[in-house]
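The values are calculated or read from the model by the stated rules, or taken from the named source; none is laboratory data. For clarity, every value in this text was computed on a predicted model and none was experimentally measured. Cβ: placed from backbone, ideal geometry, glycine included. Neighbour counts: every protein chain shown.
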Amino acid sequence: MRRLLPAVLLLALAPALAGCSGADDTPETGPSPSATTPPAPTPTAAVAAPRPHERACYRLDFDAAVAPTNETKPSDCGAEHTSMTYAVGTLDTVVDGHLVAVDSQRVQDQVARTCPDRLTDFLGGTPDDLHLTMLRAVWFTPTVEESDAGADWYRCDVIALASDGELAPLTGRLAGVLGRPAARSPYGMCGTAEPGDPDFNRVICSSDHSWRAIRTVDFARPAYPGEGAARAAGQQPCEDAAREQASDTLNFRWGYEWPTRKQWDAGQTYGLCWIPD
């Protein structure tokens, strides 16, 4: 998930007031009323948002989780929650001696690189272990006003997707969860149908499903290999992975989901092997 906070332009729209004259243009006699100008309100000074705390938990919905800023108050980690902060750092907002805005692409790209990199360190395991789960990194920075007041932090949270556009509750101890020996991750990636089927959707394995992702297929080249090469690359690895888990090595099913060009450009530079579950 890569999100960039767009710059917000506040435009003060001042309506033009046209003067109208009455039918009688003769000026009125007598004293003119004095105009009283009310005092201008004192502007409220912006307050820097406090630095977030690691291991804080939050109850967020999907839209709040993918927003660039967040002002939700922490909740009890022992109660239901959907987000946990696993890293907090300091933004680098100085380039060649000049201060750049918190919502600039330069600053937002820094956080978009750092938070996903640090998620594997927090969860344990390998990047491939993470790719077989529905756990994802999201991140937040101060608002422009909070940054102007001195806030210079970024916050990395981990969430679990229940399905497309929906978060799953986080339970238990997340630190090192993918590095601990377990038959299956509680946050594993499953499917509602065979990959390629019109009814196929990725879901967390704790919900109803019929297929499960068991292996990733990595590509050596940095550029997209093309659909034909991407499709061919996973045939043998996925068949071998499925055979290893089959009760009957002569009669088993498996599926392969190769990355499209759009998925590749979005960061999914690997394929997925699936088996019925």
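Return the residue satisfying two criteria in turn: it lies in segment 62-110 and is assigned to a strand (DSSP E or B) and of a type in the set (G, A, S), and of such residues it is farthest from the chain's Cα centre (by Cα). If you could, list the steps in order and put the result at the bottom.
Taking segment 62-110 first, the residues assigned to a strand (DSSP E or B) are 75, 83-90, 94-95, 98-99.
So of that shortlist, the ones also of a type in the set (G, A, S) come out as 75, 83, 87, 89.
Details: S75: 20, S83: 11, A87: 14, G89: 17 Å.
Looking at the filtered set, the residue picked out is S75.
What about V94, is it over 20 Å from S206 (Cβ atoms) and either touching a Ser or Thr at 6+ places or on another chain (Cβ under 6 Å) or free of Cβ contacts under 8 Å to residues at least 12 places away in the same chain (or both)? Break it down into steps so the answer makes sense when it comes.
On the way: over 20 Å from S206 (Cβ atoms): yes; either touching a Ser or Thr at 6+ places or on another chain (Cβ under 6 Å) or free of Cβ contacts under 8 Å to residues at least 12 places away in the same chain (or both): yes.
Answer is yes for this residue.
Output yes when any residue across segment 153-165 is assigned to a loop (DSSP other than H, G, I, E, B) and among the polar types (S, T, N, Q), and no when none is. Reasoning before the result, please.
Step one: list which residues in segment 153-165 are assigned to a loop (DSSP other than H, G, I, E, B), which gives 164-165.
Keeping just the survivors that are among the polar types (S, T, N, Q) gives none.
Looking for residues that are assigned to a loop (DSSP other than H, G, I, E, B) and among the polar types (S, T, N, Q), one finds none in segment 153-165, hence no.
Determine if segment 188-195 includes at least one residue that is touching a residue at least 24 places away in the same chain (Cβ under 8 Å) and under 26 Å from G89 (Cβ atoms). Walk me through it before giving the result.
From segment 188-195, those touching a residue at least 24 places away in the same chain (Cβ under 8 Å) are 188-191, 194-195; that's our starting set.
So of that shortlist, the ones also under 26 Å from G89 (Cβ atoms) come out as none.
Looking through segment 188-195, none of the residues is touching a residue at least 24 places away in the same chain (Cβ under 8 Å) and under 26 Å from G89 (Cβ atoms).
Which members of segment 176-212 meet the condition of being at pLDDT below 95, of a type in the set (A, V, I, L, M) and under 21 Å from the mean Cα position of the chain (by Cα)?
If the condition is that a residue be at pLDDT below 95, of a type in the set (A, V, I, L, M) and under 21 Å from the mean Cα position of the chain (by Cα), then V177, L178 are the ones that fit.
Check R113 against each of (1) without any contact (Cβ under 8 Å) to a residue 60 or more places away in the chain; (2) part of a loop (DSSP other than H, G, I, E, B) and name the one condition it does not meet.
(2)
List pairs: first in segment 201-216 and without any contact (Cβ under 8 Å) to a residue 40 or more places away in the chain, second hydroxyl-bearing (S, T, Y) and surrounded by fewer than 19 Cβ atoms within 10 Å (Cβ to Cβ), Cβ under 6 Å, 6+ apart or cross-chain?
Final answer for the pair search is N201/T192.
I'd like to verify a number: residues in segment 247-277 that are at pLDDT 95 or above, among the small types (G, A, S) and more than 13 Å from R212 (Cβ to Cβ), how many?
Count: 1.
Looking at A213 and the list (1) over 27 Å from A112 (Cβ atoms); (2) of a type in the set (A, V, I, L, M); (3) assigned to a strand (DSSP E or B), which single condition is not satisfied?
In the conditions (1) over 27 Å from A112 (Cβ atoms); (2) of a type in the set (A, V, I, L, M); (3) assigned to a strand (DSSP E or B), A213 misses (1) alone.
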